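The values are calculated or read from the model by the stated rules, or taken from the named source; none is laboratory data. Worth saying up front: this structure is predicted, and the values here are computed from it rather than measured. Glycine gets a Cβ as well: all are built from the backbone with ideal geometry, and neighbour counts include every protein chain shown. Note: areas computed on protein heavy atoms with side chains; ligands, DNA, RNA excluded. Shrake-Rupley method; radii C 1.70, N 1.55, O 1.52, S 1.80 Å.
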2 protein chains.
Amino acid sequence: MTNKKYTVLAGTQNQHKILEIIDFLNLEKIEIKTLNDYKNIPEIEENGHTFKDNAYIKAKAYYELVNIPVFADDSGLRVDALNGEPGVYSARFAGDDVSYLDNNTLLLEKMKDVTQNQRSAEFVSTICYLDKNGAHYFTGITNGEITNDFRGDQGFGYDPIFYLPESGKTYAELSMEEKNRISHRGKALAQLKIFLEKKFQ
Amino acid sequence: MTNKKYTVLAGTQNQHKILEIIDFLNLEKIEIKTLNDYKNIPEIEENGHTFKDNAYIKAKAYYELVNIPVFADDSGLRVDALNGEPGVYSARFAGDDVSYLDNNTLLLEKMKDVTQNQRSAEFVSTICYLDKNGAHYFTGITNGEITNDFRGDQGFGYDPIFYLPESGKTYAELSMEEKNRISHRGKALAQLKIFLEKKFQ
């Protein structure tokens, strides 16, 4: 027997994100489904100009597909010395169908003449929660610095080159638990968690 | 007998904020002290240029005073049609020692020629948590629109003129519980709450 009276869909196809989300959102009354529970999920074109736009585009597409409350996130890295690049293009900075390594390599290349005290950046995650009553947004921000080289082998994406001065580590040197406690996605998920707890009582 | 093994100071002198914080942060193992529990608290000059700077300035000042883990927030309203004003000057938009009514009246006056579809704004709250290991920041953002007139009598500050399309209400028309669920400060506190729960287990 289960206590879980409600179901909410985590609208992401990224297996790394799914792991972080499941680890984080252990809610007493809410079962979190993932897209792994559905078949024939279409590709969704993320053509928004902001994280918020893209999160909504994904949430809306999945909501229309499954018709239960859904959330989707869009996230990325904004580097101050690159005027906020790669931003919404974080996943395809080096082109379509590239690897995390390609993106990281390009970013370090673009930053090679940038001095230590000018390497500040922020990781941003915006979650859009959508149900029949409309949308709610939750944005998590974590500030850090771009390293000069790769450090650590945990996580994914830009994690090996995003350094947190207060931890003395890159994202890729943190355990999933540590990362969830201080990461941009953890901060967005924290807001979603409390929101869901209060909404589905 | 109490389960509360830890103590954290909520570093604010604003009684409205204290009520919202106490209502929100009911943590099993952490007692939240407020500045009401201390005497001779000095005025702190909030001369930072960002919410983050000001939150840190306050957290640091209170931390040096009481020497226990502390958090402080800085928050404000950014109106797109006014290029982000009043921003960090939200509390003193109409001058020093002004009332909420003065600030609201000035803002509506400045917005009187701005059409309905250009009245977007965001409320931002940044919390700085500080202990001997350093600082962590939690930012909550809620998007809305500036009304043409006052609506509602709950809350404080710009609440009567900040309208949430998805709720069909201004902040000042929400109960404290509703407001905490979707407000900028609620979102920042949600992050702090989960952070503290994980940190002080």
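The set of residues from the stretch B:44-53 being over 13 Å from B:A135 (Cα atoms), surrounded by 13 or more Cβ atoms within 10 Å (Cβ to Cβ) and not β-branched (V, I, T) comprises B:E46, B:G48, B:F51.
The set of residues in the stretch B:169-182 that are open to solvent by less than 10 Å² (accessible area, probe 1.4 Å) and either part of a strand (DSSP E or B) or closer than 12 Å to B:I21 by Cβ (or both) comprises B:T170, B:N180. Residue check: B:I41 meets all listed conditions (1) assigned to a loop (DSSP other than H, G, I, E, B); (2) loosely packed, with under 13 Cβ neighbours inside 10 Å; (3) of a type outside the set (S, T, N, Q) but one, namely (2).
Only one entry of B:N103, B:N117 meets the criterion of being polar (S, T, N, Q), away from chain A (no Cβ under 14 Å), assigned to a helix (DSSP H, G or I) and open to solvent by less than 60 Å² (accessible area, probe 1.4 Å), and that entry is B:N103.
Checking each residue in the stretch B:16-73 for being among the polar types (S, T, N, Q), under 24 Å from B:V88 (Cα atoms) and touching a strand residue (DSSP E or B) at 6+ places or on another chain (Cβ under 9 Å) picks out B:T34, B:T50, B:N54. When the stretch A:17-38 is limited to residues that are within 13 Å of A:I68 (Cα to Cα) and aliphatic (A, V, I, L, M), the one that is most open to solvent (accessible area, probe 1.4 Å) turns out to be A:I32. For beta carbons closer than 7 Å, sequence separation of 6+ or different chains, a first residue in the stretch B:171-193 that is closer than 14 Å to B:N143 by Cα and more than 11 Å from chain A (Cβ to nearest Cβ) and a second that is of a type outside the set (F, W, Y) and open to solvent by 30 Å² or more (accessible area, probe 1.4 Å), the qualifying pairs are B:Y171/B:G155; B:K179/B:G155. The numbered conditions (1) over 30 Å from B:N143 (Cβ atoms); (2) open to solvent by less than 90 Å² (accessible area, probe 1.4 Å); (3) not aliphatic (A, V, I, L, M) are all true for B:N3 except (2).
Looking at the stretch B:131-142 only, could you name the residues that are within 10 Å of another protein chain (Cβ to nearest Cβ) and either within 21 Å of the chain's Cα centre (by Cα) or in a strand (DSSP E or B) (or both)? Result: B:G134, B:A135, B:H136, B:Y137, B:F138, B:T139, B:G140, B:I141, B:T142. Only a single criterion out of (1) within 28 Å of A:A188 (Cβ to Cβ); (2) more than 14 Å from chain A (Cβ to nearest Cβ); (3) surrounded by 18 or more Cβ atoms within 10 Å (Cβ to Cβ); (4) at pLDDT 95 or above is not satisfied by B:A81, namely (3). Residues that are in contact with a helix residue (DSSP H, G or I) (Cβ under 6 Å, 6 or more places away or on another chain) and among the small types (G, A, S) do occur in the stretch A:62-72, at least one of them. Out of A:E145, A:E166, which single residue is among the acidic types (D, E), within 12 Å of chain B (Cβ to nearest Cβ) and either open to solvent by 40 Å² or more (accessible area, probe 1.4 Å) or assigned to a helix (DSSP H, G or I) (or both)? Selected residue: A:E166, the only one of A:E145, A:E166 that is among the acidic types (D, E), within 12 Å of chain B (Cβ to nearest Cβ) and either open to solvent by 40 Å² or more (accessible area, probe 1.4 Å) or assigned to a helix (DSSP H, G or I) (or both). For the stretch B:148-158, the candidate set comprises residues that are surrounded by fewer than 17 Cβ atoms within 10 Å (Cβ to Cβ) and without any contact (Cβ under 8 Å) to a residue 40 or more places away in the chain; within that set, the residue that is farthest from B:E20 (Cα to Cα) is B:R151. In this entry, B:G155 passes the filter for residues that are more than 14 Å from every other protein chain (Cβ to nearest Cβ) and either closer than 21 Å to A:C128 by Cα or part of a loop (DSSP other than H, G, I, E, B) (or both). Of all the criteria given as (1) over 25 Å from A:N83 (Cβ atoms); (2) open to solvent by less than 50 Å² (accessible area, probe 1.4 Å); (3) touching a Leu at 6+ places or on another chain (Cβ under 7 Å); (4) more than 14 Å from chain B (Cβ to nearest Cβ), the one not satisfied by A:I161 is (1).
State whether one or more residues within the stretch B:90-97 are more than 14 Å from every other protein chain (Cβ to nearest Cβ), among the polar types (S, T, N, Q), within 19 Å of the chain's Cα centre (by Cα) and assigned to a helix (DSSP H, G or I). There is at least one residue in the stretch B:90-97 that is more than 14 Å from every other protein chain (Cβ to nearest Cβ), among the polar types (S, T, N, Q), within 19 Å of the chain's Cα centre (by Cα) and assigned to a helix (DSSP H, G or I). Looking across the stretch A:47-89, the residues that are part of a helix (DSSP H, G or I) and in contact with a Ser or Thr (Cβ under 6 Å, 6 or more places away or on another chain) come down to A:F51, A:K52, A:A55, A:D80. Looking only at the stretch A:11-28, residues that are at pLDDT 90 or above and more than 12 Å from the chain's Cα centre (by Cα) come to 0 in all. A Cβ distance below 7 Å, combined with a sequence gap of six or more or placement on separate chains, defines the contacts here; from the stretch B:78-103, residues that are over 17 Å from B:N54 (Cα atoms) and of a type in the set (G, A, S) reach no residue that is open to solvent by 80 Å² or more (accessible area, probe 1.4 Å) and not in a helix (DSSP H, G or I).
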